[in-house]
């Protein structure tokens with residue numbers, strides 16, 4: 001290796017080192033350390049007490065954890081079948097040639113994505129306020145007072161409200177993803193299909209879907225894993241309430257760790273969350289690989 005190549009290598013390593021150190025401290029090291037803590041009972045101050053697999057046995061019989069797991073899966077499924085298709089639908093509208101003002105609409109649609117989850121949570125908490133909220137006042141104005149609800153205070157509507165807000169905020173992300181994918185689809189394929197008498201639906205199913213299949217699989221996987229790990233939006237809006245109706249694995253982990261100071265059990269929930277999100281992501285990729293989308297040909 002020449003001195004010039006060696007100097008370039010050293011320079012590259014020096015530039016990469018700060019990022020690698022930060023990434024290791026916050027992304028790589030916490031996972032094995034959490035697994036290590038899951039075998040102890042610890043309040044963060046006193047010496048750790050080895051309990052072996054007691055925390056893992058506890059998590060298997062914990063009804064609150066099972067509730068939080070189901071809620072996380074509900075949100076994940078909702079994001080796959082609502083959030084991603086909505087993003088695709090908006091992207092299809094924006095690539096339509098006859099639509100005027102596409103740039104304006106695209107800018108408006110992407111605004112929710114630019115807001116932090118905390119800001120979105122606070123905003124929608126005001127919107128859904130049972131007394132002064134925009135939603136209930138709108139229902140009253142249009143003559144539907146019977147539909148007014150304490151949306152975040154009712155166990156039957158709280159999770160639904162959270163899902164609506166989650167879809168509203170992140171649908172623009174998938175709009176951008178699909179918009180980029182659709183722009184790469186050759187237009188002559190549509191023109192040839194139209195000449196052969198294909199309808200818009202047939203063009204979508206036999207041309208668009210096969211050519212963006214990989215992007216669609218990636219988008220749905222991101223939606224599933226991201227929603228399973230969701231924390232900040234739910235914490236700001238409901239803190240997992242009312243009566244655990246919106247409790248998620250991440251919020252339950254936070255409560256056990258920092259409210260009850262059960263760091264060992266909180267670490268166990270965190271490791272379980274990591275494993276479940278990873279496992280569901282792999283399972284979803286396998287299912288999509290063998291789904292009906294895989295058989296579509298251009």
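The values are calculated or read from the model by the stated rules, or taken from the named source; none is laboratory data. None of the values given here were measured: they were computed from a predicted structure. Because the Cβ atoms are built from the backbone with ideal geometry, glycine has one as well, and the counts that use them run over all protein chains shown.
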> Do you know which residues across segment 134-156 are surrounded by fewer than 20 Cβ atoms within 10 Å (Cβ to Cβ) and either assigned to a helix (DSSP H, G or I) or at pLDDT 95 or above (or both)?
Replying inline: 134, 135, 137, 138, 139, 140, 141, 145, 146, 147
> Which one of the conditions (1) in contact (Cβ under 8 Å) with a residue 40 or more places away in the chain; (2) more than 24 Å from the chain's Cα centre (by Cα); (3) within 18 Å of residue 254 (Cβ to Cβ) does residue 64 fail to meet, given that it meets all the rest?
Replying inline: (2)
> Restricted to segment 248-264, and to residues that are part of a helix (DSSP H, G or I) and touching a strand residue (DSSP E or B) at 6+ places or on another chain (Cβ under 9 Å), which residue is surrounded by the fewest Cβ atoms within 10 Å (Cβ to Cβ)?
Replying inline: 263
> From the list 27, 16, which residue is part of a helix (DSSP H, G or I) and either under 21 Å from residue 258 (Cβ atoms) or modelled with pLDDT of 95 or more (or both)?
Replying inline: 27
> Of all residues in segment 93-103 being outside any loop (DSSP other than H, G, I, E, B) and in contact with a helix residue (DSSP H, G or I) (Cβ under 7 Å, 6 or more places away or on another chain), which is modelled with the highest pLDDT?
Replying inline: 94
>> Only one of 245, 219, 198, 223 is over 25 Å from the mean Cα position of the chain (by Cα), over 18 Å from residue 34 (Cα atoms) and either buried (at least 16 other Cβ atoms within 10 Å of the Cβ) or touching a residue at least 40 places away in the same chain (Cβ under 8 Å) (or both). Can you tell me which?
In response: 198
> Conditions: (1) surrounded by 13 or more Cβ atoms within 10 Å (Cβ to Cβ); (2) within 20 Å of residue 252 (Cβ to Cβ). Residue 113 meets all but one. Number of the miss?
Replying inline: (2)
> Among 273, 233, 173, which is touching a residue at least 24 places away in the same chain (Cβ under 8 Å), within 20 Å of residue 161 (Cβ to Cβ) and under 15 Å from the mean Cα position of the chain (by Cα)?
Replying inline: 233
>> Looking at 193, 119, 161, can you tell me which residue is part of a helix (DSSP H, G or I) and within 21 Å of residue 81 (Cα to Cα)?
In response: 161
> Can you pull out the residues in segment 248-262 that are in contact (Cβ under 8 Å) with a residue 40 or more places away in the chain, more than 18 Å from the chain's Cα centre (by Cα) and under 20 Å from residue 61 (Cβ atoms)?
Replying inline: 262
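Matching residues to (1) surrounded by 11 or more Cβ atoms within 10 Å (Cβ to Cβ); (2) part of a helix (DSSP H, G or I):
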| position | (1), (2) |
| --- | --- |
| 23 | yes, yes |
| 35 | yes, yes |
| 43 | yes, no |
| 46 | no, no |
| 52 | no, no |
| 56 | yes, yes |
| 65 | yes, yes |
> Scanning for something surrounded by 12 or more Cβ atoms within 10 Å (Cβ to Cβ), more than 28 Å from residue 222 (Cβ to Cβ), touching a residue at least 24 places away in the same chain (Cβ under 8 Å) and in contact with a helix residue (DSSP H, G or I) (Cβ under 7 Å, 6 or more places away or on another chain), does segment 70-84 turn up at least one residue?
Replying inline: no
> Under 6 Å by Cβ, and 6 or more places apart or on different chains, what pairs join a residue from segment 98-109 that is touching a residue at least 60 places away in the same chain (Cβ under 8 Å) and on the phi < 0 side of the Ramachandran plot with one that is surrounded by fewer than 10 Cβ atoms within 10 Å (Cβ to Cβ) and outside any helix (DSSP H, G or I)?
Replying inline: none
> With respect to the numbered conditions (1) in contact with a helix residue (DSSP H, G or I) (Cβ under 8 Å, 6 or more places away or on another chain); (2) in a helix (DSSP H, G or I), which one is the sole condition not fulfilled by residue 242?
Replying inline: (2)
